[in-house]
1. From the list LEU414, LEU456, LEU389, LEU439, pick out the single residue that is within 22 Å of THR629 (Cβ to Cβ) and either modelled with pLDDT under 95 or part of a helix (DSSP H, G or I) (or both).
2. Tell me, which residue of the range 509-550 that is in contact with a Leu (Cβ under 8 Å, 6 or more places away or on another chain) and of a type in the set (Gly, Ala, Ser) is surrounded by the most Cβ atoms within 10 Å (Cβ to Cβ)?
3. So which of VAL381, VAL326, VAL357, VAL372 is at pLDDT 95 or above and in a loop (DSSP other than H, G, I, E, B)?
4. Conditions first: (1) farther than 26 Å from VAL181 by Cα; (2) at pLDDT below 95. ARG93 passes all but one, so which condition is the exception?
5. Which of the residues spanning the range 159-209 are part of a helix (DSSP H, G or I) and under 22 Å from ALA142 (Cα atoms)?
6. Suppose the filter is free of Cβ contacts under 8 Å to residues at least 40 places away in the same chain and crowded, with 19+ Cβ neighbours inside 10 Å; does TRP468 pass it?
7. Do we find a residue being among the β-branched types (Val, Ile, Thr) and at pLDDT 90 or above anywhere in the range 562-571?
Amino acid sequence: MTKPGLTCLHAAFHKTQVAAAVLKYSTVRLRAWLCLFAITPFMLFAAQAQEATSGVVQSTAIVQASTPEQIEIGKRIYTQGILSSGAMLAGQRFGKNSIAGEEAACVHCHRPSGMGQVEGDILIPPINGNYLYATRKDKQVAIMDPRVSKQFNQYHDPYTDATFATAVNEGINNQGREMHVAMPRYHLEEADRKALLAYLTQLSAQWSPGVSENLIRFATVITPDVDPAQRKAFIDMQQAIVQQKNGSTHLAHDHRTRHHMASAAELILGTERMWQLDIWELQGDPQTWTRQLNDLYQKQPVFALLSGLSHSNWQPVHDFCDHEKVPCWFPSVDLPPKAQSQYAFYFSSGVLLEANVIAHHLLEAKHLPKHVYQIYHDNTVGQAATQELGLALKGSTIKLENRLLSGNANATSLKHALAGIQSGDVVMFWLTEEDINALANLKPRTGVSYYFSGKLASPEKTMLTQLWKNNAHFAYLYDLPQNRKLNLDYYHAWMNAHHFATVDEPMQTEVFFAANFMTDTISEMLNNIYRDYLLERSETMINKREGVKSEQETRDRYALGKTGDVERRFGTKMIEQSQRVQIVSQIDSNSVSHGTTLYPHLSLGPEQRFASKGGYIVKFASKKDNTLTDESGWIVP
């Protein structure tokens, strides 16, 4: 008997052999789990809301005309808690607690988009014009969340100046009901109240640039330092992902388009869109990249930058996104800028995080080294990494010396850089795999500990001799290879189905996650495709999303049967030809995955922009191969 909720998965496997089945149920979004939510409170409500929402492009707020000055005053009230007079916005919550100024600003609860949020058991509704003034005819659904959907989307008459004043000052909504005690009762004069309303009316009133009724346009950025093989693998994956996503997209107005695995909400409300991906390949000196990005964006605006690839200077791209308010969505980069941007998300802080992990490890050791020597190239990444480690060790008794590696790494240049280093010292190499492999021509000094950047030089790929392995330590920002296998089953299955070779596993898994997570986030946004809302949804859903995905993948493996069942049933011809990971189920104590990436844990919170915040110090478990073992535990500096 088929297990409840697994109908979609089994149906796919009955139709074709294993690779094709994976292609269907692990379509870019890998959302077979949506079958499990076929009957939820949200769906019951959504069915009632379909007539009111289907086909709506944007709600039309019926409001009086406002001036730019009013909107600017309203923005300061909403985001900073500053009134037109310069005085602080003041109010009371929970009946007696007074708040003022920035603490009282609306943005903290209703968020920059005005779309509200769920905070514990407190429901914070949308307050932008599309919702305040929505009629029954053009009612929009704010959020896909089975816990609160009915409450979030209660019908009400459009607000008027009078009912808005009562809501703000007295905490009574336009249905005559008292609002939650967490909602402040403000003291707003008429002019400031009208200014606030003017700002709310235009807040998230139109879709962001790059969005139309049936299309979302993205771009991805590649800097010129990227290796040709990496570039090809990156582009091929991106294009395959978008093609597959579009192949399973249902457009509400086009009944000829077949529908595969959109979310239930998207299907009922008709909000799913096709994707278009532009490849922005930067050229020349980094000083010209800002102009190139501006030219590309002016020619064709995009909703967000989906992933990206760079091994050098990402700062111009980061600054462009900040200036144009374009989300930068989890690019694969070695050196994200240290200063956070509201609009840029990263997996980690790259070599900067490695520097802090290494510093923490050295400072926690029983015996501090007297000297730490940093060997690096004179480039953006090398300079930033050496500077960060220096800052992290500042104030300790450790003496730090930086040694610039001139030209390409070879036996001569490396020997010169290592001159004078004594037993008991520590050497930190901020070098690439190609550089490190040149160490094979040298002998390490006994008693010296050698540290390497796992971001710049993967320990699994290095060709260190047995002598070097004895005292080699790597900063490692990923889960250990033997621990992350189950997390990457679906990724490997997708790669296998597309016959893609593994060129750079960290980069390729990051591309896969970025597209997956974007698809899931856009799905939950429904028809509210605003950039600020994308940021807010990603902050709040990544933890829950990773948990749901990993649990479903575990259930899917159980559905496939015991180890080898799939191969016996469907054959292994395609898998053997492509020589990639087989799709098997392992029903045992080790069959539970804990995420969908090679990172041990991804999490975000309000204003957080680095999803992974720690790393390991690892060493080689054996001289015979590159198997790694943890020697530090997970370090969050």
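The values are calculated or read from the model by the stated rules, or taken from the named source; none is laboratory data. Being a predicted model, the structure only gives us computed values, none of them experimental. Here Cβ is always computed from backbone atoms with ideal geometry, including for glycine, and neighbour counts include all displayed protein chains.
1. On the way: LEU414 fails: within 22 Å of THR629 (Cβ to Cβ); LEU456 fails: either modelled with pLDDT under 95 or part of a helix (DSSP H, G or I) (or both); LEU389 fails: within 22 Å of THR629 (Cβ to Cβ).
Selected residue: LEU439, the only one of LEU414, LEU456, LEU389, LEU439 that is within 22 Å of THR629 (Cβ to Cβ) and either modelled with pLDDT under 95 or part of a helix (DSSP H, G or I) (or both).
2. ALA515
3. VAL326
4. For ARG93, the exception is condition (1).
5. We begin by selecting, within the range 159-209, every residue part of a helix (DSSP H, G or I); these are 161-170, 190-202.
Result: THR163, PHE164, ALA167, VAL168, LEU196, LEU197, ALA198, TYR199, LEU200, THR201, GLN202.
6. Details: free of Cβ contacts under 8 Å to residues at least 40 places away in the same chain: yes; crowded, with 19+ Cβ neighbours inside 10 Å: yes.
Yes; evaluated as a whole, the condition is true for this residue.
7. Taking every residue of the range 562-571 in turn, none turns out to be among the β-branched types (Val, Ile, Thr) and at pLDDT 90 or above.
One line per residue, one yes/no per condition, for (1) crowded, with 18+ Cβ neighbours inside 10 Å; (2) touching a Cys at 6+ places or on another chain (Cβ under 9 Å):
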| position | (1), (2) |
| --- | --- |
| MET179 | no, no |
| GLU189 | no, no |
| LEU200 | yes, yes |
| LEU203 | yes, no |
| TRP207 | yes, no |
| VAL211 | yes, no |
| PHE218 | yes, no |
| VAL221 | yes, yes |
